[in-house]
Amino acid sequence: MPRGVRVAALVLPALLAAAARAEVTNRIVATIDGEPVTAHEVRRYAREHAEPGTPDARVLEALITDKLLEKEIKAAGISARDDEVDHYIDEIQQRNGMDREHFTAALAAQGMSFAAYRARVKSELEKAALVNREIRQHVNVSPEEIRRYYDAHLEDYATVERVKVRDIVRASEDPTDEGAVAHARAKALEVRALALDGRDFGALAAQFSEGAGAKKDGELGTFGRGEMEHDLEQASFALEPGKVSEPVRAGGGFHLLRVDQRIGAGHKPLDEVRDEIREALYNQALEERFQNWLSRDLRERHHVEVLD
């Protein structure tokens, strides 16, 4: 056999095998309105969008959904403006404390060019506009739904007993010295006597207190159990509103406490949590409608076939 013929006989089977492998590697795995989706596209989509280890079937479904959204965006004539894209990217840069140079370098470290990132942002903004048109404007939460949710989840809005407290502090110069401690307690008792004699507690706090709340007429805030130092909590919750405590030793000094208001355990009123409930129900309804739209409405507008 001539040498050229022998070489051809050896090379041709290898070329045919390579072509066969390439065909299998890039086989058609699905069609959308008759347009092919190849295995190569699925692998590329997985590299760019999916978490490592995501099953191929889930990657293919995500790719099909993206292609369907692109078709709908094109049909609807939706296009994100350049200034919208730039504004979004500027916000991302500012949020990460980067200028354009460092941001571009960070993208390059992830294997993405700035142009590719910009194209992705444009695509995501267009998808958001489509979803807003198709879904968001059709989702509403009625006052009746909010009330029903509140009644059904009342325990989620339970409140503990709380006290609104004022405080006058007389500090001890040396908490380890008994004489200094006794002197601080005596000073606290003097101020307490003035309060019991009818002097305004807030004015006394502004004049005599050495605590953080002195400039606010002794106001400490509103506290539930477990939110104050133990001895201060015990004294505060034992007081009737308007009464002044005996000197309570805590934090290197003596405290005179007065409870302005006692708030009993109960539930937050509906008016206080209405917006919170509305947002939760809205997001839930939005997600349900979005999933229904993806799995039913969007698929019904197109012919999708997943091949074995």
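The values are calculated or read from the model by the stated rules, or taken from the named source; none is laboratory data. Because the structure is a prediction, the values reported are computed rather than measured. Backbone-built Cβ (ideal geometry, glycine too); neighbour counts: all protein chains shown. To get the accessible areas, we keep the full protein, side chains included, count just its heavy atoms, and leave off ligands, DNA and RNA. Shrake-Rupley method; radii C 1.70, N 1.55, O 1.52, S 1.80 Å.
For the residues Glu233, Glu240, Glu279, Glu287, the requirement of being surrounded by 14 or more Cβ atoms within 10 Å (Cβ to Cβ) and either within 25 Å of the chain's Cα centre (by Cα) or modelled with pLDDT of 90 or more (or both) singles out Glu233. Return yes when Ala152 is free of Cβ contacts under 8 Å to residues at least 40 places away in the same chain and either of a type in the set (Val, Ile, Thr) or surrounded by 13 or more Cβ atoms within 10 Å (Cβ to Cβ) (or both) and no when it is not. Judged against the criteria, Ala152 is not a match.
If you go through region 290-298 one residue at a time, do you hit one that is open to solvent by less than 80 Å² (accessible area, probe 1.4 Å), touching a residue at least 12 places away in the same chain (Cβ under 8 Å) and not in a helix (DSSP H, G or I)? There is no residue in region 290-298 that is open to solvent by less than 80 Å² (accessible area, probe 1.4 Å), touching a residue at least 12 places away in the same chain (Cβ under 8 Å) and not in a helix (DSSP H, G or I). Screening region 32-76 for residues that are exposed (fewer than 13 other Cβ atoms within 10 Å of the Cβ) and among the acidic types (Asp, Glu) and picking the one that is nearest to Arg133 (Cα to Cα) gives Asp33.
Conditions tested, residue by residue: (1) in contact (Cβ under 8 Å) with a residue 12 or more places away in the chain; (2) within 28 Å of Asp297 (Cα to Cα); (3) not β-branched (Val, Ile, Thr).
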residue	(1), (2), (3)
Asn96	no, no, yes
Ala105	no, no, yes
Ala109	no, no, yes
Ala116	no, no, yes
Ala119	no, yes, yes
Lys122	yes, yes, yes
Glu126	yes, yes, yes
Asn132	no, yes, yes
Ile135	yes, yes, no
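The number of residues in region 208-222 being over 16 Å from His255 (Cβ atoms) and exposed (fewer than 13 other Cβ atoms within 10 Å of the Cβ) comes to 1. Summed over region 264-275, residues that are surrounded by 13 or more Cβ atoms within 10 Å (Cβ to Cβ) and either in contact with a Gly (Cβ under 9 Å, 6 or more places away or on another chain) or in a helix (DSSP H, G or I) (or both) total 3. Taking region 85-128 as the region of interest, how many residues are surrounded by 14 or more Cβ atoms within 10 Å (Cβ to Cβ) and more than 27 Å from Arg44 (Cα to Cα)? Of the residues in that region, 1 qualify.
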